[in-house]
């Protein structure tokens, strides 16, 4: 993928919408490209996280493990981000991410956003607001799924 295509890919994502070409170029210059084969892990639940990933190619499974069982939370494909929670709350990874197909991803370290903060605080804050909006959308969707499960569970118990 050319650098121009990468810039447009990032700008098309909710996290990087309305971010200038200059800011995206800076972030990309401080990021690395990772190539994964099917079955490879980007990271494991419980690991320290200090980066987010932008999937350029492929499909991944995002899952949690409990009692030696895997529970798929969602899948991500080209153009999707994952790992952003570690950039917000600085806690260990809440889930694992495994490549299901050949994948190429841009690994954006927190240090890249810190450098942007030092050089252009307005662009940094715009990214933070974009991330917060996307995380909020996911939380609302999770709340709606939980609510629907509660309704289904209580209606099956009605006499």
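The values are calculated or read from the model by the stated rules, or taken from the named source; none is laboratory data. Predicted model, so just to flag it, every value in this text is computed and none were measured. Neighbour counts are summed over all protein chains in view; Cβ atoms, including those assigned to glycine, are modelled from backbone coordinates with ideal geometry.
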The residue from 101, 115 that alone is more than 25 Å from residue 22 (Cα to Cα) and at pLDDT 90 or above is 101
Filtering segment 53-72 for residues that are surrounded by 16 or more Cβ atoms within 10 Å (Cβ to Cβ) and more than 15 Å from residue 103 (Cβ to Cβ) leaves a count of 1
| Within the bounds of segment 117-126, is there any residue that is surrounded by fewer than 13 Cβ atoms within 10 Å (Cβ to Cβ) and within 16 Å of the chain's Cα centre (by Cα)? | no
Residue count, segment 6-47, condition in a helix (DSSP H, G or I) and within 23 Å of residue 100 (Cβ to Cβ), comes to 5
The condition of being touching a helix residue (DSSP H, G or I) at 6+ places or on another chain (Cβ under 6 Å) and surrounded by fewer than 20 Cβ atoms within 10 Å (Cβ to Cβ) holds, among 109, 38, 14, only for 14
Exception for residue 66 within (1) within 13 Å of residue 94 (Cα to Cα); (2) under 15 Å from the mean Cα position of the chain (by Cα) falls at (2)
